[in-house]
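**Student:** This structure is in structure tokens; I'll ask about it shortly.
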Amino acid sequence: MNLQEIVDDIASAMKPRLGEGKIADYIPELARIDAKQFGLAVTTVDGETFTAGDASVPFSIQSISKVFMLTLALGKAGESIWSRVGREPSGSAFNSIVQLEHEHGIPRNPFINAGAIVITDMVLAGHAPREAIGEFLRFMRYLADDDSITIDEKVARSEQKTGYRNVALANFMHAFGNLHHAAELVLGVYFHQCALAMSCVQLSHAGLYLANRGTNPLTGFSVVSEKRARRINALMLTCGHYDGSGDFAYRVGLPGKSGVGGGILAIAPGKASIAVWSPGLNKVGNSALGSEALEMLTQRTGWSVFGH
Ligand code: GLN
């Protein structure tokens, strides 16, 4: 299988379609991005990286950060986290508030905003917000083995000014006793984790531990146990694309996590960690061309968690 040829073919197929979808303009700083960009990076478990298009351009990882914060929270509190957040697909939008009241402030899963805010609250325990942000940034640099990764302060501030829904979600959970720190402190960390800027290449490196039984094959760093890697992948498959998770599983067949910056991290266990980026989003808030590119990739490679 010639992976370089496959990623090149995908990038050429996407070229005439650049700009499709709708940019996330509810975060003003994200609305300024050039929609006509597309990047793809595939890093295999034997350490080779194949790239096409804008694979080295940093973008706002947004909700993809939720996978890594979940990893940190599991490291700190283990399975006890599941008393404060569920493990079921939500069937609603990433920023929905409706389910929360019915379910007494316990979010459906760690990948919708409410669930991610609870996870961030856990990571914040015992720290000042700036220390938690520092811990997250160091963790990402360690995972990707790249100290040049930074947080885009403009994006963080932009969301801080306009994140009314997230403020509502956090306060609502506070009322149910499921937030232990002040909403503004937790959200300060949450907006900064979302504002992390990474390229497809860096992201594909950072995700490798999930493709390789918990250990990054590039660095040899053991990040999580094999069982935990499997479980994080299970959550990504069932909940990683919000209300589009079923469709993503059907079309792509791999665990994946999307962000409103237009990025998607997908994991082919035992094979590769894949990052794709194109800013235009589909109706459920996942990268339009990114999802299609991954569908093409799995068709060409035969990668799937549902058979071979
Ligand atoms: N920072 C974004 C928000 O909270 C993340 C959402 C996303 O990427 N789906 O709205």
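The values are calculated or read from the model by the stated rules, or taken from the named source; none is laboratory data. Predicted model only: the values in this text are computed from it and were never measured. Positions of Cβ are generated from backbone atoms using ideal geometry, with glycine treated the same way; all protein chains shown enter the neighbour counts. All accessible areas refer to the heavy atoms of the entire protein, side chains included, with ligands and DNA or RNA removed. Shrake-Rupley method; radii C 1.70, N 1.55, O 1.52, S 1.80 Å.
**Student:** Okay, helix-only estimate at 222 nm for the chain: each DSSP H run of n ≥ 4 adds -39500 (n - 2.57), divide by all residues, round to 500 deg cm²/dmol; what do you get? Write out the running numbers ahead of the final one.
**Tutor:** Working: 13 runs with 138 residues, N = 308.
It lands at -13500 deg cm²/dmol.
**Student:** Using the beta-carbon distance between LYS283 and GLU184 and R0 = 30 Å, what value does 1/(1 + (r/R0)^6) give for FRET efficiency, to the nearest 0.05? Each step should come with its number before you reach the end.
**Tutor:** On the way: r = 31 Å, r/R0 = 1.05.
For R0 = 30 Å, the calculated efficiency reads 0.45.
**Student:** Looking at the chain, how many pairs of lysines come closer than 14 Å at the Cα, when each pair is eight or more places apart or spans two chains? Could you put the intermediate results ahead of the total?
**Tutor:** On the way: LYS15/LYS36; LYS22/LYS36; LYS22/LYS283; LYS66/LYS257.
So the count works out to 4.
**Student:** Can you sort SER278, SER80 by solvent-accessible area, 1.4 Å probe, largest first?
**Tutor:** On the way: SER278 0, SER80 70 Å².
Ranked list, largest accessible area first: SER80, SER278.
**Student:** Let me ask something else about it. Convert 37 °C to kelvin, take the viscosity as 0.692 mPa s, use the Kirkwood radius over C-alpha pairs of the chain as Rh, and evaluate the Stokes-Einstein diffusion coefficient in µm²/s, rounded to a whole number. Kindly include the intermediate steps, with their values, before the conclusion.
**Tutor:** Numbers: Rh = 18.9 Å.
Diffusion coefficient, whole number: 174 µm²/s.
**Student:** So, one more: Order these peptides, 162-168, 261-267, 213-219, by their mean beta-carbon neighbour count within 10 angstrom, highest first.
**Tutor:** On the way: 162-168: 16.0, 261-267: 28.9, 213-219: 19.0.
Ranking, from highest mean packing down: 261-267, 213-219, 162-168.
**Student:** Cα centroids of the range 180-254 and the range 265-308: how far apart, whole angstrom?
**Tutor:** When both Cα centres are located, 14 Å separates them.
**Student:** Another question, if that's okay. For the range 14-60, would you read off the P(r) tail past 18 Å as a percentage of all alpha carbon pairs?
**Tutor:** Working: 462 of 1081 pairs.
Above the 18 Å cut-off, the range 14-60 has 43 percent of its Cα pairs.
**Student:** Once the dipole of the range 19-65 is set up with Lys and Arg at +1 and Asp and Glu at -1 on Cβ about the Cα centre, which of GLY47, PRO28, GLN62 lies farthest towards its positive end?
**Tutor:** PRO28
**Student:** Please sort 127-138, 239-250 by packing, taking for each peptide the average over its residues of neighbouring beta carbons within 10 angstrom, highest first. Let's see the in-between values first.
**Tutor:** Details: 127-138: 16.5, 239-250: 20.7.
Final packing ranking: 239-250, 127-138.
**Student:** Turning to a different aspect of this structure: Provide the solvent-accessible area of ASP147, counting protein heavy atoms only and rolling a 1.4 Å probe, rounded to the nearest 10 Å².
**Tutor:** For ASP147, solvent-accessible area is about 120 Å².
**Student:** With every protein chain left in place and a probe of 1.4 Å, what is the accessible surface of SER222, to the nearest 10 Å²?
**Tutor:** Taking all protein chains as shown, SER222 has close to 80 Å².
**Student:** Could you give the size of the charge dipole of the range 103-227 about its Cα centre, using +1 on the Cβ of each K and R and -1 on the Cβ of each D and E, expressed in debye and rounded to the nearest 20? Intermediate values should be presented prior to the final figure.
**Tutor:** On the way: 10 positive and 12 negative charges, 39 e Å.
That gives a dipole near 180 debye.
**Student:** In debye, nearest 20: dipole of the chain around its Cα centre with unit charges on the Cβ of K, R (+) and D, E (-)?
**Tutor:** Values: 27 positive and 29 negative charges, 90 e Å.
Here the size comes out at about 440 debye.
**Student:** Given just the C-alpha atoms of the range 39-178, how large is their convex hull per residue in cubic angstrom? Please list the in-between numbers first.
**Tutor:** Values: hull volume 20.5 nm³, N = 140.
That works out to 147 Å³ per residue.
**Student:** Starting from the Cα-Cα distance between TYR142 and GLN299, subtract it from 0.36 nm times their residue separation and give me the gain in nm to one decimal. Could you put the intermediate results ahead of the total?
**Tutor:** Working: separation 157, 0.36 × 157 = 56.52 nm, distance 3.19 nm.
Net length gain for the segment: 53.3 nm.
**Student:** A follow-up question, please. Please calculate the 1.4 Å probe accessible area of SER225, with all protein chains present, and give it to the nearest 10 Å².
**Tutor:** Taking all protein chains as shown, SER225 has close to 60 Å².
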